[in-house]
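What follows is a structure written as structure tokens; I'll ask about it next.
Bear in mind that the values in this text are calculations on the coordinates, not laboratory data. Computed from a predicted structure; not experimentally measured. Don't worry about glycine lacking a Cβ; one is built from the backbone with ideal geometry, like all the others, and counts go over all protein chains shown.
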Amino acid sequence: MTKAINFLFWGYLLVFVRIDVGIDLLPVPLGYLLIALGCSKLEKRYPVMQKAWAYSTTMIFLSVPTVFLDVYKETHILWQSYGLLMAIFQLIVVYFLLRGLKLIVIEYGNPISNQRLKRFTNVYIGSYLLTSVA
């Protein structure tokens, strides 16, 4: 289980950190690959992770252009639509990951962590939606 959680952590870090010198040095598709690997290790025990695996696997292929350009800074309508599609899929991946993590926290019986994760989920999803609309 620790290895799977490490895959999720490092994958999520690669998805959200961008070091750009002509190309992205920390490629987003690699991050989604790590997330998919982590989900595949957890999906037998936590079935909701199968959905996270499916969406993160889709994001591996969908995010390939982000290695070469920052689609969120592009002004063409097609790239803006693509960026919106990426944001929607990214939010879906995060939603299913957080649901899976909630099941893990519940299984290990820590009510304080459960409340923190619930609060974090609400704040994260709310702020993500607000910043995506803006």
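Any chance you could count how many residues in region 102-128 are surrounded by 15 or more Cβ atoms within 10 Å (Cβ to Cβ) and of a type in the set (Val, Ile, Thr)?
Final tally of qualifying residues: 3.
Of all residues in region 42-80, how many are in a loop (DSSP other than H, G, I, E, B), out of contact with any helix residue (DSSP H, G or I) (no Cβ under 8 Å at 6 or more places or on another chain) and within 20 Å of Leu91 (Cβ to Cβ)?
Final tally of qualifying residues: 1.
Rundown of residues vs (1) closer than 22 Å to Tyr108 by Cα; (2) surrounded by fewer than 17 Cβ atoms within 10 Å (Cβ to Cβ), yes/no style:
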| residue | (1), (2) |
| --- | --- |
| Leu33 | no, no |
| Cys39 | yes, no |
| Arg45 | yes, yes |
| Ser63 | no, no |
| Ile77 | no, yes |
